[in-house]
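Please read the structure below before turning to the comments.
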Amino acid sequence: MWKVQLFKLNFDEQESQAVKDVVDSGWLTMGEKTIGFEEAFSAMLGEGSNSIAVSNCTAALHMALLALELKAGDEVIIPALTFVADINVVRLVGATPVLADCESYNDWNVSAKTIKAQITAKTKAVIVVHFAGFPCDMDEIISLCKAHNIYVIEDVAHAPGAKYKGQSCGTFGDFGCFSFFTNKNLSVGEGGMIVTKNSELAQKAKYLRSHGMTALTLDRHKGRAITYDVAQSGLNYRIDEMRAALGLVQLEKLSKANAQRKVLVERYVASLKGVPGISIPFLDLDNIESVYHIFPILLDKAIDRVNLIGKLKEDGIQSSIHYPAFNTFTAFKDIGLNDCPVAEDIASRELTFPLYPTMTLAEVDLVVSSLKNALTQ
Ligand SMILES: Cc1ncc(COP(=O)(O)O)c(C=O)c1O
């Protein structure tokens, strides 16, 4: 149906072989592949990181809030412009979500300034999102949160491999939570990683991942344990070996794939700069290495987004919206969320174009010419 779709997997025979090898091995969950994936992920992030592979990023975020013992009466500051997982996990531990606005119309991330505006005596944690793969200004955010004794959780769903001043995103806060959902920079279908430099928190996260049990099925299989204790209450947020094996192959490909995304975004930016009716965010930011998870643009107020999406569709170009504002969803209409004018305005005018590592420059050009035609009609 689509000439250029929003996302395509960066898979080849290596991924097929990796899954087949696991199936043939007879060991399907939390085994050597999972351990290997966790070790390789920690190595990618840099010294001192403990990586714990989990079912998905939402599970990782939920575990982070549980490990930090957030509860009713606590406020957690989250970006106003993000995926619904961030608000859902806060509400599901009984805490109150408070929204931080985007820094500006160029930098759509939250910043120390927009977080500070929401801090109260009840603020216990902040979740930051490195939107579209662009790192937040972590130096300022970390020093603000330290000064106020507030935990920092990084939602790194958009940004595996991204760096701020040379340091990997996901290693600044108390926890980093990654997504390996199908359309992410590193895809396994459903999967995630929770990362921390604090060994006590890492142990808590391991218990939360698997029923609080002190020994896993693998330990018993290997003869390392006969039975187990339950150290605390926990969940089943484990990953399986097929996904861990996919993760290992995808991790090998990550830096080349991210570099390819950069080439494609540079083509988009060069072709779209100066086009009337749109603007491109995240231009000329200092100290960061983006991994270009998505390519978002902002439409001028006069442009009818639904109509434009329809015109692009007629040309076979798929587009998407990141993200509808929380107060447009039934579940959050009446919960007293604070206003965030910049994020709400961006949410009403944002449009995301196709981007994936195997996309060609010719496909970028097709998207751009379809957009230019649509804007001049
Ligand atoms: C910013 C952000 N946070 C969290 C998630 C949730 O990730 P998962 O689907 O792995 O639970 C996503 C996924 O789309 C996301 O984009």
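Quick check: anything in the range 231-246 at pLDDT 95 or above, more than 30 Å from Gln14 (Cβ to Cβ), among the polar types (S, T, N, Q) and part of a helix (DSSP H, G or I)? No: the range 231-246 contains no residue that is at pLDDT 95 or above, more than 30 Å from Gln14 (Cβ to Cβ), among the polar types (S, T, N, Q) and part of a helix (DSSP H, G or I). The range 290-377 holds helices (runs of 4 or more DSSP H) entirely within its bounds, and those carrying 2 or more residues that are basic (Lys, Arg) and out of contact with any helix residue (DSSP H, G or I) (no Cβ under 6 Å at 6 or more places or on another chain) map to 305-314.
Residues checked against (1) more than 17 Å from the chain's Cα centre (by Cα); (2) under 18 Å from Asp339 (Cβ atoms):
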residue	(1), (2)
Ile87	no, yes
Ala95	yes, no
Asp101	yes, yes
Met138	no, no
Ala147	yes, no
Val152	no, no
Thr171	no, no
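Residues that are in contact with an Asp or Glu (Cβ under 6 Å, 6 or more places away or on another chain) and either outside any loop (DSSP other than H, G, I, E, B) or within 17 Å of Thr196 (Cβ to Cβ) (or both) were ranked within the range 32-73; the one that is nearest to the ligand (Cβ to nearest atom) is Ala53. Checking each residue in the range 264-286 for being among the aliphatic types (A, V, I, L, M) and touching a residue at least 40 places away in the same chain (Cβ under 8 Å) picks out Leu264, Val265, Leu272, Val275, Ile278, Leu283, Leu285. When each of Gly336, Gly316 is tested for being small (Gly, Ala, Ser) and in contact (Cβ under 8 Å) with a residue 12 or more places away in the chain, the lone residue that passes is Gly316.
Ala362 meets all of the listed conditions (1) touching a residue at least 40 places away in the same chain (Cβ under 8 Å); (2) surrounded by fewer than 19 Cβ atoms within 10 Å (Cβ to Cβ) but one, namely (1). For the range 157-175, a residue qualifies if it is touching a residue at least 60 places away in the same chain (Cβ under 8 Å) and either hydroxyl-bearing (Ser, Thr, Tyr) or on the phi < 0 side of the Ramachandran plot (or both), and the qualifying residues are Ala157, His158, Ala159, Pro160, Ala162, Lys163, Tyr164, Gln167, Ser168, Thr171, Asp174, Phe175.
Is there a residue being within 16 Å of the ligand (Cβ to nearest atom), among the hydroxyl-bearing types (Ser, Thr, Tyr) and surrounded by 15 or more Cβ atoms within 10 Å (Cβ to Cβ) anywhere in the range 308-319? No, the range 308-319 contains no residue that is within 16 Å of the ligand (Cβ to nearest atom), among the hydroxyl-bearing types (Ser, Thr, Tyr) and surrounded by 15 or more Cβ atoms within 10 Å (Cβ to Cβ). Lys122 satisfies every condition listed in (1) at positive phi; (2) more than 11 Å from the ligand (Cβ to nearest atom) except (1).
The values are calculated or read from the model by the stated rules, or taken from the named source; none is laboratory data. Remember, predicted model here, so these are calculated numbers, not experimental data. So basically every Cβ, Gly included, is an ideal-geometry build from the backbone, and we count neighbours across all protein chains shown.
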